[in-house]
Structure formats: C-alpha cells, structure tokens
Amino acid sequence: MALLVSFPGRNQAMTWILLLLLSAACLQVGNSAGSKRVNSFGINQPARLSGVQGSSIEIPFSFSFPWGLAEDSQMRILWRWKNFHGEFIYNSTPLFIHEHFKNRLILNWTQPQTSGVLRILDLKKKDQTVYFCRVHMNTREGMKIIQSIPGTQLTITHAIRTTMQSPAVGCSVWQMFTTAGLEDTEDQRNPSLVNLGATVGVVVATAVLITPSVY
C-alpha cells in the first residue's frame, strides 16, 4: 500500500520530506512487529484443575519457540511444584520422579512434539499445589530453557458417601458424589499447539526464558 501526497508548486520539497518521514516510521513499525514474531515463545497449560482424591488427573501442556532446533535437540520436559523455584518432581531424560510421586507420574509426550500431558495417578491431599512445566532444548543458537510463570493450580476434593432411602423399594441406596467435578475447565482456552481433544477452554500461560546455567 502506498500513500500519495502532493503539494502545489513551491511546497514540493515539503512533500519529499513528509514521504521520507512516513517511510522511516513504517520501517520502524515493521521491524518492531517482526521482532515480536521472532522472539515469541511460551508454555501453555490450564490455570486451574480439580481432581478427586484417589483418582487421577491430566495436566495438558504445549509450548512454542522461535529458534531452529540443533541436529541433536536434546529436548526434554521437566515439572516443578509448589512455586516457580520449587523442587523438580519429574524429568523426562534421564528419567526422574520425585519420591512423593513414586509410580504415580506418567508423561505422555514424545520428542520432538510440542504438546503433551502429565498424568498424576492416585491423587493425594498433599498433591494440592501449583505445577510448572519446563522445557530444555538445544537450538542452533545454543541451549534454551523456558518455564511457565503462573503454572497450574491443582485442587483436590474428597469423595463423599451418603445414604438415601428409596421410597419405592424401601432399601438403602449408596451414592458417591464429589464436592467438585473431576476437572475445572473454567478460564481455559485451547492452546494453538495442543492437539489433545481433552481441553475445553484454555488460558495461554506466559513463560520465561531461563539461562542454561540453571538446572
């Protein structure tokens, strides 16, 4: 798209000055937009989830990055809990699972996929905390590390058993119900890179780029 500006006679010089200024401004805006695209990266995971004690829960995640991967990408997925600098509970390579989650963590992800699911089995009350996905990868620009900033807040609910008398047959009927659903899909938005079919709405979580010197 071009902008044509004309001035009568003696103001022709002003026309050229204006065109030069407009061209410089367009170049600056274009470079700024390109810079945002080039430097974009992030990790997407739901803001909140809810699970029932004794059952299982899945935390979907996806990530994006602008760098080209090295021939040996050495890509791996890690998870932290409790806070941004909390203990590591999972490492895909070499495999590591925190003692608290022994035999209870399963990562459904294969390199070089950019989406996956962390499944926590046999939920316990102490599992109620925040979980942070972290990605390590070897790129053509060196080792890069990104980690989710807000993480996913996991809430654990109890299964409650009550007795209800059936007036028709006069027998007791045991019913199991929970104080909340298996999953709280509020404020979720489907991340562009997650192809799991299990997410209903998703919050695009921001992420931070970490220097390779950190674990």
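The portion of the accessible surface of region 88-152 made up by carbon and sulfur, rounded to a whole percent, is 51 (1.4 Å probe; DNA, RNA and ligands excluded). Highest-first packing order for the peptide set 118-125, 96-103, 142-149 is 142-149, 118-125, 96-103, based on the mean count of other beta carbon atoms within 10 Å.
Taking 0.36 nm per residue of separation and subtracting the Cα-Cα distance, what length does fully extending LEU95 through VAL117 add? Numbers along the way, then the final one.
Details: separation 22, 0.36 × 22 = 7.92 nm, distance 1.59 nm.
Length difference between fully extended and current span is 6.3 nm.
Remark on ILE149: its backbone amide H falls under 5 Å from those of THR206, ALA207, VAL208, a criterion applied only to residues 5 or more positions apart or on other chains, H modelled at 1.01 Å from N.
The values are calculated or read from the model by the stated rules, or taken from the named source; none is laboratory data. All values reported here derive from a predicted model rather than from experimental measurement. Reconstructed Cβ throughout: ideal geometry from the backbone, glycine too, with neighbour counts over all protein chains shown. Keep in mind that these areas ignore ligands, DNA and RNA; they rest on the heavy atoms of the full protein, side chains included. Shrake-Rupley method; radii C 1.70, N 1.55, O 1.52, S 1.80 Å.
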